Amino acid sequence: MQKVINSQILKETVIEAVESQQVIDIHTHLFSPDFGGLLLWGVDELITYHYLIAEVFRSADISYEKFWAMTKTKQADLIWQTLFINNSPISESCRGVVTTLKELGLDLASRDLQDYREYFAHQKIEDFIDIVFDVAKVKSVVMTNDPFDSIEQPIWLAGRKGDPRFQAALRIDSILNDYVDVGRDKLSGLGYETDLDLSEKSLGEIRRFLSDWINRMKPNYMAVSLPPEFQYPEDSRRGKVIKECILPISLEYNVPFALMIGVTRAVNPQLRMAGDGMAKTDLACLENLLRDNPSNKFLTTLLSRENQHELCVIARKFPNLMIFGCWWFMNNPSIIDEITRERLELLGLSIILQHSDARILDQLIYKWKHSRQIISKVLIDKYQDLLDSGWITTQDEIGRDVAALLGGNFEGFLQS
């Protein structure tokens, strides 16, 4: 007999369900060990994460030139001293480092960066992956895979057989956002005959490239980061390639097209990777894509908070859209709480609650620890609302719902 939930046991039931659920992290920048140096891990990588680099320039008296001339170890020393010792590590990025160290069993009271380095120095990466996945309760992660990357490409061409917990996503930014300067030359380098005018032959070659790499990678989806001024339809090379290549191949292979919209590159180029910004976008582009391609599947996440309500309304109208996670600048507790509530209220359980966007393996620990805390809080309130309305729910039903929100919906969407 199923256990009926009342207000007295609701909180512990939801927390247990959320904390114990193995998640599928549908968007990361992680790599399995067979990709060598592309897999980032360890305390110095955590501390020199580009979020913290942006923060340190607000507090440390140092020039960009001097900072970038430092070794990674010296950069980490500076950031640790500035943001963790001279100031309390209160930002979400700093708190994330603290949470990660704590969950790995390290002594926070010592504040000894060298001791933390020694812990990581004694880890074997294959064993450490197991530790991180276990602590974070992550079942699998989806990588971001660029077939034109000089390190990735030969591994894929050789028939990559790496850790199956690290799944593929085919990144197509170079073809869509930088075809003239990068994409065309890269395609030619792989033996695909393309031209600047995107002739019928070129479009056929791009479709052949996508087919070849879908068969090679077996990606969960094709993905692109787009600027806030993106439009569709669009009288541009990007618009033509989307219409003539991406959409038909996506449909043919039943591989969703993932659009991550709102990034403005190099707002401050002196910050390098940390220098990107964001802006609100006109979501008519998404409505047009969904309306004109009802048999295609689309995954979408947006960078601007101001776009989130409209995104929910659009998702109500188009079942071929799956919205996911709180991306990049949206991945802060107050915003995650707000957006999670809004999405559940407008879309019910038909969403993917979160992804980590982790670039460093260890970040899986804090990103999912912090997200689970917020998700539990929101779900407790929502189930309490149901109880107050007279609806009877059970422990099994709560477990079912949580499993869908943290991975089942993604698997179902891919298979549909």
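The values are calculated or read from the model by the stated rules, or taken from the named source; none is laboratory data. Please read all numbers here as calculations on a predicted model, not as lab measurements. Every residue, glycine among them, receives a Cβ derived from its backbone with ideal geometry; neighbour counts consider all protein chains shown.
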Search result, residues across region 383-416 that are among the polar types (S, T, N, Q) and within 11 Å of T13 (Cβ to Cβ): T393, T394, Q395
L364 touching a strand residue (DSSP E or B) at 6+ places or on another chain (Cβ under 8 Å), hydrophobic (A, V, I, L, M, F, W, C) and in a helix (DSSP H, G or I): yes
In region 196-246, residue surrounded by the fewest Cβ atoms within 10 Å (Cβ to Cβ) [restricted to those that are acidic (D, E) and under 25 Å from Q153 (Cβ atoms)]: D212
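Looking at region 116-139, is at least one residue modelled with pLDDT of 95 or more, in a strand (DSSP E or B), under 22 Å from the mean Cα position of the chain (by Cα) and crowded, with 17+ Cβ neighbours inside 10 Å? Spell out how you get there, then give the answer.
Filtering region 116-139 down to residues modelled with pLDDT of 95 or more leaves 116-139.
The next check asks that each one be in a strand (DSSP E or B); those that pass are 138-139.
Now drop any that are not under 22 Å from the mean Cα position of the chain (by Cα), which leaves 138-139.
If we keep only those that are crowded, with 17+ Cβ neighbours inside 10 Å too, we end up with 138.
Yes, some residue in region 116-139 is modelled with pLDDT of 95 or more, in a strand (DSSP E or B), under 22 Å from the mean Cα position of the chain (by Cα) and crowded, with 17+ Cβ neighbours inside 10 Å.
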Residues (farther than 20 Å from F128 by Cβ, part of a loop (DSSP other than H, G, I, E, B) and at pLDDT 95 or above) located in region 156-170: A158, G159, R160, A168, A169
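Does at least one position in region 264-277 carry a residue that is among the aliphatic types (A, V, I, L, M) and surrounded by 19 or more Cβ atoms within 10 Å (Cβ to Cβ)? Give the steps one after another, and end with the answer.
The first filter runs over region 264-277 and keeps only residues among the aliphatic types (A, V, I, L, M), leaving 266-267, 271, 273-274.
Filter again for surrounded by 19 or more Cβ atoms within 10 Å (Cβ to Cβ), leaving none.
No, region 264-277 contains no residue that is among the aliphatic types (A, V, I, L, M) and surrounded by 19 or more Cβ atoms within 10 Å (Cβ to Cβ).
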Subset of region 381-405 that is β-branched (V, I, T) and buried (at least 17 other Cβ atoms within 10 Å of the Cβ) - its residue that is nearest to I24 (Cα to Cα): V402
Selection within region 171-185 - assigned to a helix (DSSP H, G or I) and either within 21 Å of M143 (Cα to Cα) or more than 26 Å from the chain's Cα centre (by Cα) (or both): D173, S174, I175, L176, N177, V180, D181, G183, R184, D185
Residues that are touching a Leu at 6+ places or on another chain (Cβ under 8 Å) and of a type in the set (S, T, N, Q), drawn from region 255-299: T281, N293, S295, N296
Lone unmet requirement of (1) crowded, with 19+ Cβ neighbours inside 10 Å; (2) touching a strand residue (DSSP E or B) at 6+ places or on another chain (Cβ under 9 Å) for L347: (1)
Residue selected from region 87-113 under the condition in contact (Cβ under 8 Å) with a residue 60 or more places away in the chain and among the charged types (D, E, K, R), by the criterion surrounded by the fewest Cβ atoms within 10 Å (Cβ to Cβ): R95
Within region 299-322, tally of residues that are surrounded by fewer than 22 Cβ atoms within 10 Å (Cβ to Cβ) and either in a strand (DSSP E or B) or among the acidic types (D, E) (or both): 2
Number of the exception - K240 against (1) touching a residue at least 12 places away in the same chain (Cβ under 8 Å); (2) closer than 25 Å to F35 by Cβ; (3) not aromatic (F, W, Y): (2)
